[in-house]
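The values are calculated or read from the model by the stated rules, or taken from the named source; none is laboratory data. Source: prediction; values computed, not measured. Please note: Cβ atoms are built from the backbone with ideal geometry, for glycine as well, and neighbour counts cover all protein chains shown. Each accessible area value is taken on the protein alone, full model and side chains, heavy atoms only, with ligands, DNA and RNA left out. Shrake-Rupley method; radii C 1.70, N 1.55, O 1.52, S 1.80 Å.
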Amino acid sequence: MGAKNTGMAGRIKYYMIRTTKSIILVLISIHTFAQLGGKNGFEFVNFHSNAKVAGIGGMNVSVRDRDPNMFFSNPALLNIEMKNQATVSYNRYYADIWNSQVGYVFDTKKLGLFGAGLQYTEYGRAPQTDEFGNVLGTMFANEYAFTVAKSHTIGNYTLGANVKFAHSQIAGNNAAMVLADMGGVFKHPTRQFTIGLLVKNMGFAIKNYASGQQINIPFDVQAGFTYKLEHMPLRFSMTVHHLHQYNIAYDDPNKIAGYDLNGNPQYNRVGVADNIMRHFVFGGEFILAKGFHLRAGYNHFRRSEMALDNFSSLGGFSFGGMLKIRAVELGYTSAFYHAAGPRSFFTVIINLDGFYKKKEIPLSSPEGEIKS
């Protein structure tokens, strides 16, 4: 039996290596010097409204624990500790924009462990007018994505997949996509160390807003690791995103950094080091007790893209915590995007087994007596 498991683990490792090589060959053919801003549709599928991910920087593919929200980030993080846990999260962005996320993990006898969830984003309402300014009514925009996750573990390796149906509605115009995530996780056999890899948002449009229109997919490749220090209550994570694309900075052609001796304007350009750092997200969890965590994160891309001239803020930083009371886990995060102030993230996780676990009744009690 042991030899069989070793052989299976070896095959899984072999196929993971082959898959990674294939992905790299595909990515080499992609133009890697394009910028991110406003080029893709359905970006809402990258939103995270749950407090955990928001608290550790807004992006993570390697934290493997009982939080059922993590299969949205990487399907390979779906594991048996999440079984029969339900979760709901809420986040209000700026203006009237808000999003929420619900999820549930269940185990089937024949097919194994599954996760299912829904992401919903609402952009608010606005008056709808004609070209002369006459009010015709009210228009609104919202988007949602339904996700089904499946993972399979052999030895120290886990492979997982998310399949997502995404729909977008903007002022009566509709679009839909089918997307998929493929992920892998390696868990160290003796240490609390995990490595994650994710190829995110592969897919195609099944309906465009208008005929002849093409919607770009928010494709991404992410990798990262999480390590729990052996003698300290700290779990540290580092995630790298957009591995297939070097230049993800927005160079504002109108942003003048200064003038030379002849009075000619000198434009600010993003340097190599800054561009590389924009790919990195850092997060830490201070595990002060089994049911009490503090969280902090830093997202350099968010801080750099949302920075204001001559004004400093906590943009890019996030702070939060988790408190577990019996079968209920409460999470909160305050994440700073720019000088306008932080956004709040709320998450509730309920362990349904803890609610419906039956108490054993002693045979000597009246309830335990056997009736003929």
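The number of residues in segment 130-154 being open to solvent by 70 Å² or more (accessible area, probe 1.4 Å), without any contact (Cβ under 8 Å) to a residue 24 or more places away in the chain and not hydrophobic (A, V, I, L, M, F, W, C) comes to 3. Being open to solvent by 70 Å² or more (accessible area, probe 1.4 Å) and at pLDDT below 90 is a description that applies to ASN216.
Can you give me the number of residues within segment 324-341 that are over 21 Å from VAL105 (Cβ atoms) and open to solvent by 50 Å² or more (accessible area, probe 1.4 Å)? Steps first, answer last, please.
Taking segment 324-341 and keeping what is over 21 Å from VAL105 (Cβ atoms), we get 332-341.
With the extra rule that they be open to solvent by 50 Å² or more (accessible area, probe 1.4 Å), the set shrinks to 332, 340.
So the answer is 2.
I'd like to check something: does segment 138-160 contain any residue that is at pLDDT below 90, in a strand (DSSP E or B) and hydrophobic (A, V, I, L, M, F, W, C)? Yes: segment 138-160 contains one or more residues that are at pLDDT below 90, in a strand (DSSP E or B) and hydrophobic (A, V, I, L, M, F, W, C). Considering segment 161-195, and only residues there that are open to solvent by 40 Å² or more (accessible area, probe 1.4 Å) and β-branched (Val, Ile, Thr), the residue that is nearest to SER211 (Cα to Cα) turns out to be ILE170.
So which of PHE317, PHE345, PHE292, PHE282 is touching a strand residue (DSSP E or B) at 6+ places or on another chain (Cβ under 9 Å), at pLDDT 95 or above and open to solvent by 80 Å² or more (accessible area, probe 1.4 Å)? Just a single option satisfies the conditions, and that option is PHE292.
Considering only residues that are in a helix (DSSP H, G or I) and within 18 Å of ASP107 (Cβ to Cβ), which ones fall in segment 68-95? Give the derivation first.
To start, the set of residues in segment 68-95 that are in a helix (DSSP H, G or I) comprises 70-73, 75-77, 80-82.
Those that are in a helix (DSSP H, G or I) and within 18 Å of ASP107 (Cβ to Cβ): MET70, PHE71, PRO75, ALA76, LEU77, ILE80, GLU81, MET82.
Among the residues of segment 98-109, are any of a type in the set (Asp, Glu) and in contact (Cβ under 8 Å) with a residue 12 or more places away in the chain? Yes: segment 98-109 contains one or more residues that are of a type in the set (Asp, Glu) and in contact (Cβ under 8 Å) with a residue 12 or more places away in the chain. ARG66 passes every criterion in (1) open to solvent by 30 Å² or more (accessible area, probe 1.4 Å); (2) of a type outside the set (S, T, N, Q); (3) touching a Pro at 6+ places or on another chain (Cβ under 8 Å) apart from (3). Determine whether segment 42-50 contains at least one residue that is of a type in the set (D, E, K, R), surrounded by fewer than 24 Cβ atoms within 10 Å (Cβ to Cβ), touching a residue at least 60 places away in the same chain (Cβ under 8 Å) and not in a helix (DSSP H, G or I). Taking every residue of segment 42-50 in turn, none turns out to be of a type in the set (D, E, K, R), surrounded by fewer than 24 Cβ atoms within 10 Å (Cβ to Cβ), touching a residue at least 60 places away in the same chain (Cβ under 8 Å) and not in a helix (DSSP H, G or I). Taking first residues from segment 210-222 that are touching a residue at least 60 places away in the same chain (Cβ under 8 Å) and partners that are open to solvent by 80 Å² or more (accessible area, probe 1.4 Å), the Cβ contacts under 8 Å between residues at least 6 apart in sequence or on separate chains come to ASN216/LYS39; ILE217/PHE204; VAL221/LEU243; GLN222/LEU243. Only a single criterion out of (1) open to solvent by 40 Å² or more (accessible area, probe 1.4 Å); (2) in contact with a helix residue (DSSP H, G or I) (Cβ under 7 Å, 6 or more places away or on another chain) is not satisfied by HIS300, namely (1). Look at (1) within 16 Å of the chain's Cα centre (by Cα); (2) open to solvent by less than 20 Å² (accessible area, probe 1.4 Å); (3) of a type outside the set (Gly, Ala, Ser); (4) more than 15 Å from PHE47 (Cα to Cα) and you find that ASN91 fails only one, number (4).
Reported count of residues in segment 106-159, each being of a type in the set (Gly, Ala, Ser) and within 30 Å of ASN79 (Cβ to Cβ), is 8.
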